[in-house]
Every structure is written in structure tokens, then in C-alpha cells.
Amino acid sequence: MKLQASIFTLASAYFASAQESTRPGYNCHPTCIQPTIPRNRQFNFGRHYAVLNLDLINGIVGGVEETAAGQAFISNTANWIDAVHALDPAPLSIFTRVYFENSFQPEIGPDSPFGQVAGDLGTAATAPTKLHPAFTVDQAGAGNVVLQKTRYYAGAGNALEQILSTQKIDTVIMSGIRTSGVMLSTAYRLFDLDYNVYVIANNTIESPPNDPDINANILEGILPKLPVDVITIEQALAALDRSGPAIYGRNN
Ligand SMILES: *[C@@H]1O[C@H](CO)[C@@H](O)[C@H](O)[C@H]1NC(C)=O
């Protein structure tokens, strides 16, 4: 419980400072990622795509928010989410949050390994488990989905796979924190479930410590080997523009 309080304090201190800081619009922190698709090749996401925005919660984003890399990550990810929101019809956007059902944290027993990394986050009501205010969510108007998750994988203990399959999604475009956690775990699983997976390099970050450059090693080394496509936000925005009207929900 002591740790929970410290994460909370950390997150609120960050809110205060984030408002004053100027956000760099450039993200090559600490390495400029070489995308898997050549920058001059035109591609699109089709019409059956979903946008996954993973674990953008105060308790995790707060840990990088004061760094230049963290601010670039936040501003790039927020810009991407806003660009997706500007589309009509709205594509399927899915956000995940890590939280536990009640203070007994029944999803993680005393010995669950995941409890060691996320056991301090708390229930849906606690500030660290809420989505960071930099990111816009529109559940009522745009049909955005917000899922609880209780392991690394974005679909652990929720309806993610059911939603992707009933909505006939074939392509997912991922952003989130952290690269070695939810991003890597979800890329592997959805790849195995036959989805076309894209990861937006600028919308990823590794929580500290990131030495050696874990973020770059995963984006440039591991993901391309699956293979999963790692693209820049510029490529993602251009592909979004070229994609047909998204098919989701009542548009089906
Ligand atoms: C996104 O990352 C690429 C390198 O991978 C960089 O060239 C580009 O400037 C970045 N874009 C923004 C808006 O940070």
C-alpha cells in the first residue's frame, strides 16, 4: 500500500509539470528507428483495422512523463489518437488499462509473477490505473472500447479477441507503453492469431531502465524478425489517409 501511495504522488506531480513544459515534436529517443517498410512505399490498413492504444495509464505514463523521450512519446501518441478520432466513420479504437477487481486483487494471487510488476496499481477507482489525460477517449460517440487487463498481453482476461473477431478485424495498429511488456507480448499473440500487426515506433517507449537500448532492440531487432511491421508515425498517418472508410459496429 505504501508503494501505491508513492506512484500516486509521482503521477500528480507530473500533471503539474506537464502543463508548463514545451513538448518536443520529434522523437528519436534514444535511437532513430529504421522502419520495416521503406519510407517511400505507399501502403494502407484496408478497411478492417483496429487501433490499439495499450496501457496509457497514469501509473505507467507517469514514470516517463518528465523526460524528453516521454514527452515526445505522449505528444506523438496523442496526435495519432486525435487523427484517428477525426475520421468519420470512426474505426475501432481499443484502449487497455491495468487494474484489479477489488483491493484483494483476485486476478493475481500472492505468487503470481505479474503481481511483482503491477501489484501496486490498484483498482479501477485509483488514479494510477486511469487513462492519462493527454489521451482522448470517446466511448459514447466513436464507440471506443476500454478494456481491463491483468497481465502483459492486451487480451489477458478480457474480450479483446472476441471483439476483434466479431468485428472482422484483420489488421491492428499498436501504440503503447512499455515496449518490452504489453507491446511485445501483444504483437506476438496477435501475430499468431493471424492479424497483420503494425507497431508505430514513435508511439512506443521503454520504462526506465532502458540500457542497453531495449526499445530500439525490440523495434529493430525482434519485431521485424516475427515479422511484424514497425512504422513511423508519419507512415501511419499517411496509411490512415489512404485506407478505405473503416468498417466497425453499425457500419458493418
Ligand atoms: C518518428 O520517428 C522517426 C524515426 O523512426 C523520425 O524520423 C520522425 O521524425 C519521428 N516523428 C516524430 C513526429 O517524432
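The values are calculated or read from the model by the stated rules, or taken from the named source; none is laboratory data. Note that the structure is predicted; figures quoted are calculated from it, not measured. Note that each Cβ is placed from the backbone with ideal geometry, even for glycine, and that neighbours are counted across all protein chains shown.
Rundown of residues vs (1) of a type outside the set (A, V, I, L, M); (2) touching a residue at least 24 places away in the same chain (Cβ under 8 Å); (3) crowded, with 20+ Cβ neighbours inside 10 Å, yes/no style:
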{"residue": "GLN162", "(1), (2), (3)": "yes, no, no"}
{"residue": "SER180", "(1), (2), (3)": "yes, yes, no"}
{"residue": "ASP192", "(1), (2), (3)": "yes, no, no"}
{"residue": "ASP213", "(1), (2), (3)": "yes, yes, no"}
{"residue": "PRO224", "(1), (2), (3)": "yes, yes, no"}
{"residue": "VAL228", "(1), (2), (3)": "no, yes, yes"}
{"residue": "SER243", "(1), (2), (3)": "yes, yes, no"}
{"residue": "TYR248", "(1), (2), (3)": "yes, yes, yes"}
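Can you report the number of residues in the range 71-106 which are among the small types (Gly, Ala, Ser) and within 16 Å of the ligand (Cβ to nearest atom)?
Final tally of qualifying residues: 4.
Name, by its number, the condition in (1) in contact with a Phe, Trp or Tyr (Cβ under 9 Å, 6 or more places away or on another chain); (2) surrounded by fewer than 21 Cβ atoms within 10 Å (Cβ to Cβ); (3) at pLDDT below 95 that does not hold for ALA118.
Here ALA118 clears every test but (2).
Condition (residue is assigned to a loop (DSSP other than H, G, I, E, B), over 30 Å from ALA238 (Cα atoms) and at pLDDT 95 or above) applied to the range 79-99: is it met by at least one residue?
yes
Which one of THR166, THR186 is surrounded by fewer than 18 Cβ atoms within 10 Å (Cβ to Cβ) and more than 15 Å from the ligand (Cβ to nearest atom)?
Answer to the selection: THR166.
Regarding SER185, is this residue closer than 22 Å to PHE73 by Cα, touching a residue at least 12 places away in the same chain (Cβ under 8 Å), part of a loop (DSSP other than H, G, I, E, B) and of a type in the set (Gly, Ala, Ser)?
No: the conditions fail for SER185.
Is the range 41-54 home to any residue that is within 16 Å of the ligand (Cβ to nearest atom) and surrounded by fewer than 20 Cβ atoms within 10 Å (Cβ to Cβ)?
yes
I want to confirm something. Restricting to the range 195-231 and keeping residues that are modelled with pLDDT of 95 or more and in a loop (DSSP other than H, G, I, E, B), which single residue is farthest from the ligand (Cβ to nearest atom)?
Taking the candidates together, the pick is TYR195.
Report yes if ALA125 is surrounded by fewer than 20 Cβ atoms within 10 Å (Cβ to Cβ), touching a helix residue (DSSP H, G or I) at 6+ places or on another chain (Cβ under 7 Å) and not basic (Lys, Arg), otherwise no.
So ALA125 does not fit the description; no.
Taking only the range 232-246 into account, find how many residues are within 12 Å of the ligand (Cβ to nearest atom) and outside any helix (DSSP H, G or I).
1
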